[in-house]
């Protein structure tokens, strides 16, 4: 993926920095290409630049977690090539355990070719312990309908971001 495309996705993801769930995208080798602040805080790394390029193995505390995350990534990018909704355990570097409800959808180029995935994960650890069904489950089901048909197209996304950052009264040329 070109640096220009990654910059556009970084600009897009900045819109999601103040929300309390994880958003990230990966290439077809499951290397992280970008993430929001919540995902960054999960990793314990100091900056997004430190996360970019990391694999599941480098970000997971155990081999079992690496295997499960990699299987889910593979399911989306190579086997079904459709979204998947899964519960994924996560263990931080300081051994705290969490459970996330995750939606992963294929990340496609403008020609519809799968070039990676986008993931959205919400912490359901406490909700699962207390209530059985979580508000996160309901939220992600709603979000699923939004993400179902998303295809990140660099031209559309770039134009959309460009319009959003233009001062009022100035028409992009």
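For the reader, a short list of remarks on this structure follows.
- Selection count, region 53-68, where residues are touching a strand residue (DSSP E or B) at 6+ places or on another chain (Cβ under 8 Å), surrounded by 15 or more Cβ atoms within 10 Å (Cβ to Cβ) and either part of a strand (DSSP E or B) or free of Cβ contacts under 8 Å to residues at least 24 places away in the same chain (or both): 2
- Looking only at region 30-51, and only at residues there that are in contact (Cβ under 8 Å) with a residue 24 or more places away in the chain and not in a helix (DSSP H, G or I), the one that is farthest from residue 74 (Cα to Cα): 44
- Checklist (1) within 19 Å of residue 120 (Cβ to Cβ); (2) surrounded by fewer than 17 Cβ atoms within 10 Å (Cβ to Cβ) applied to residue 43, failing item: (2)
- Some residue of region 13-29 being within 11 Å of the chain's Cα centre (by Cα), buried (at least 16 other Cβ atoms within 10 Å of the Cβ), part of a helix (DSSP H, G or I) and at pLDDT below 90: yes
- Inspection of region 123-135 finds a residue satisfying the criterion of being more than 22 Å from residue 19 (Cα to Cα) and either assigned to a loop (DSSP other than H, G, I, E, B) or modelled with pLDDT of 85 or more (or both).
- Filter result for residue 78 (closer than 18 Å to residue 118 by Cα and modelled with pLDDT under 90): no
The values are calculated or read from the model by the stated rules, or taken from the named source; none is laboratory data. Computed from a predicted model, the values in this text were never measured in an experiment. A quick note on method: Cβ atoms are made from the backbone with ideal geometry, for glycine too, and the neighbour counts reach across all protein chains shown.
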